[in-house]
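The values are calculated or read from the model by the stated rules, or taken from the named source; none is laboratory data. Here the structure is a predicted model, which means the values were calculated and not measured. Every residue, glycine as well, gets a Cβ built from its backbone with ideal geometry; the counts of neighbours run over all protein chains shown. For the accessible areas, the whole protein counts, side chains as well, though only heavy atoms, and no ligand, DNA or RNA atoms are used. Shrake-Rupley method; radii C 1.70, N 1.55, O 1.52, S 1.80 Å.
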Amino acid sequence: MTAPVFQDITGIVLVGGKSRRMGQDKALLAVQGKTLVERALEPFQQAFAQVLLIGDRPERFAACRLPVVPDLYPGSSLGGLYTGLYHARTEHVFVTSCDLPFPNPAILRYLCNARGSYDAVIPCSSQGAEPLFACYRKSCLDTMRNQLQEGFFSISTACSRLHVRQVPYPDIAPFDPAGTAFLNLNTPGDIALLS
């Protein structure tokens, strides 16, 4: 097995969503023969020396043999991202939500290599900013914590207060010929479209 590409970035997989619209645990939902959490972990374990799962009920992921960290501020993606940043031993993290079934390794590498001195590097799709497949620096922690303590859970609002590099989709489109990199699964109908 080759060494991870990025020794100085921690991979963060958010697995704590309530999955209300899906009606079952999205992280353990099978898509084309693999669970969504397995699909996220494949590129992450190749790219990052450390990978953390952020969510509750760690027994769900015993087979993954990875640390499962409960949300410090439960109930939102921002809380999960903050938790991953807080617990990471590296200056940077790369986050994905487990409901992205086709995490794109080439886009992941492009974004990680674009870190520079930014607080975050966030790609854009045709739908807009994609903050749940993005790279963040620990310099985000204070802003995120303050916002969470105020009861505001929008990642977009937090990012508006940070030094963010937004990567326009045309810059990364060559890595995404099928147009599936930012496909998001929320309902059984979304799953049906893949079969």
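Based on DSSP loop calls and a cut-off of at most 14 other Cβ atoms within 10 Å, the longest stretch of the chain free of exposed trypsin sites (Lys or Arg not before Pro) is what?
With a cap of 14 other Cβ atoms within 10 Å, the longest stretch comes to 90-160.
How large, in Å, is the range 24-114 by the Kirkwood hydrodynamic radius built from its alpha-carbon pairs? Kindly include the intermediate steps, with their values, before the conclusion.
Values: mean 1/r = 0.0727 Å⁻¹.
Radius from the Kirkwood sum: 13.7 Å.
Note on the chain: GNM, Cα springs under 10 Å; of 162, 41, 132, the largest mean-square fluctuation is that of 162.
What Kirkwood hydrodynamic radius do you get for the chain when you take the inverse of the mean 1/r over all pairs of distinct Cα atoms, in Å?
16.7 Å
Across the accessible surface of the chain, with the other protein chains kept in place and a 1.4 Å probe, carbon and sulfur atoms take up 52 percent.
Each 5 Å bin from 0 upward holds the following percent of the Cα-Cα pairs of the range 114-193: 3, 14, 21, 20, 16, 14, 8, 4, 0.
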